[in-house]
Amino acid sequence: MSKRQAGARVLFLAPYPVADAATRHRILQFFPALREAGLEPTFHSFFPPRLYAIKNEPGPRLAALKASLLLAACGRRLAELLSVGRYDMLFVHREVFPFFTPAVERLARRLQPRFVYDFDDAIYTRPTYQRNWRDWLRDPARVADVVSLASHVIVGSRHLEEYARQHTTAVTRIPTPVDTDRYQPRTSRSPSGDAPVIGWVGSHSTLPSLQLILPALEILRSRGHDFRLKVVGARNVHDLDAGRVPVERVVWTLDQEVANLQGCDIGVMPLASSPWEDAKCGFKLIQYMAVGLPCVASPVGENRYIVEHGRSGLLAESADEWVAALGSLLRDEELRRQMGEVGRQRAEEQYSLRALSGDLVRTLRAVLG
């Protein structure tokens, strides 16, 4: 370890607070390993928890509150940005501000030349499902400028790595890990005779992807398969129209995150191919595998590499393929158990916090020099 690395202070900036999955899993959960390696991490989010909690709430009632919280957040972030010279490195997840990219990042690089840039979505294009006010204030195509000026770029998928390498050679792919000490398979099976539970977990913006497999689920019900769909997500889970499919809707909370996954028998991740979805890092699948669930997923983006088809789960594209894949798992409890065990082992070996912490430590040390 060089003198510069010993006790190096690293400032981590991200858009969202701890309630955001990317913040927790791509930043905060690495902090113990970074401290053990002799680094001193500090974290600040742009959105305070209160603003993050209401940012997707519709209607004019909250507009004034959102505006005041946003203005205060801008002031705090500007102060944080101007302080980066007191640190030995700046690590930015996605963006410094949720708009004006890359002008602010250029300023950040001038103030702190050791600048690591991390992203886990195709932020250089626009999301398929959700548009918001930020789209009027930022140009996704300018992300390439930020990639070019960064000292090093970290990405979460092969697709993102291909994009980043068009603009810089200093790229490292680190999948979004799970803490497999926290994410554990359930200790007991469901009581005999209970209907299997097909589980999905996601965010406010990804819920529409679940609509892709509802026709397949209705076909399975019409053929006599007994199951329940468990949907864990933001408040908009109550907006899901699942037709004749029985649904348990659960609003996500951090303290129940693992327990809700453990209450499922199969995990699903449907995706339609698009520039945004093709870059997805497949984190749902990693979560499912960590708790010992067999997975069924669309062969889109990183899903094709995470799922070992026929071993840890199944890949399905058409409605017929989804019916066949889910039908085989619904019928065969032993198959679910076997695939779940393979997936758990794969999560521990390739996608766990324990397996990937060293990659981040080595990358940051290399940038520190």
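The values are calculated or read from the model by the stated rules, or taken from the named source; none is laboratory data. Since this is a predicted model, take the numbers as computed values, not measurements. Heads up, the Cβs are rebuilt from the backbone with ideal geometry, glycines too, and the neighbour counts pull from every protein chain shown.
Residues that are touching a residue at least 24 places away in the same chain (Cβ under 8 Å), touching a strand residue (DSSP E or B) at 6+ places or on another chain (Cβ under 8 Å) and either surrounded by fewer than 20 Cβ atoms within 10 Å (Cβ to Cβ) or farther than 16 Å from F97 by Cβ (or both) within region 33-51 comprise L34, L39, E40, P41, T42, F43, H44, listed in sequence order. When each of F47, F43, F115, F99 is tested for being out of contact with any Cys (no Cβ under 9 Å at 6 or more places or on another chain), within 30 Å of L271 (Cα to Cα), at pLDDT 95 or above and not acidic (D, E), the lone residue that passes is F47. Kindly evaluate A279 against the criterion of being surrounded by 15 or more Cβ atoms within 10 Å (Cβ to Cβ) and either farther than 19 Å from L160 by Cα or out of contact with any Asp or Glu (no Cβ under 7 Å at 6 or more places or on another chain) (or both). Considered against the rule, which asks whether it is surrounded by 15 or more Cβ atoms within 10 Å (Cβ to Cβ) and either farther than 19 Å from L160 by Cα or out of contact with any Asp or Glu (no Cβ under 7 Å at 6 or more places or on another chain) (or both), A279 comes out as no.
For region 50-60, a residue qualifies if it is of a type in the set (G, A, S) and either over 24 Å from R76 (Cβ atoms) or at pLDDT 95 or above (or both), and exactly one does: G59. Residues in region 346-369 that are over 14 Å from L39 (Cβ atoms) and either surrounded by fewer than 13 Cβ atoms within 10 Å (Cβ to Cβ) or at pLDDT below 95 (or both): E349 alone.
If I filter region 237-258 down to residues being under 22 Å from P17 (Cβ atoms) and free of Cβ contacts under 8 Å to residues at least 60 places away in the same chain, which single residue comes out as surrounded by the fewest Cβ atoms within 10 Å (Cβ to Cβ)? Top of the filtered list is D255.
Within region 252-300, the set of residues being assigned to a loop (DSSP other than H, G, I, E, B) and among the charged types (D, E, K, R) comprises D265, K280.
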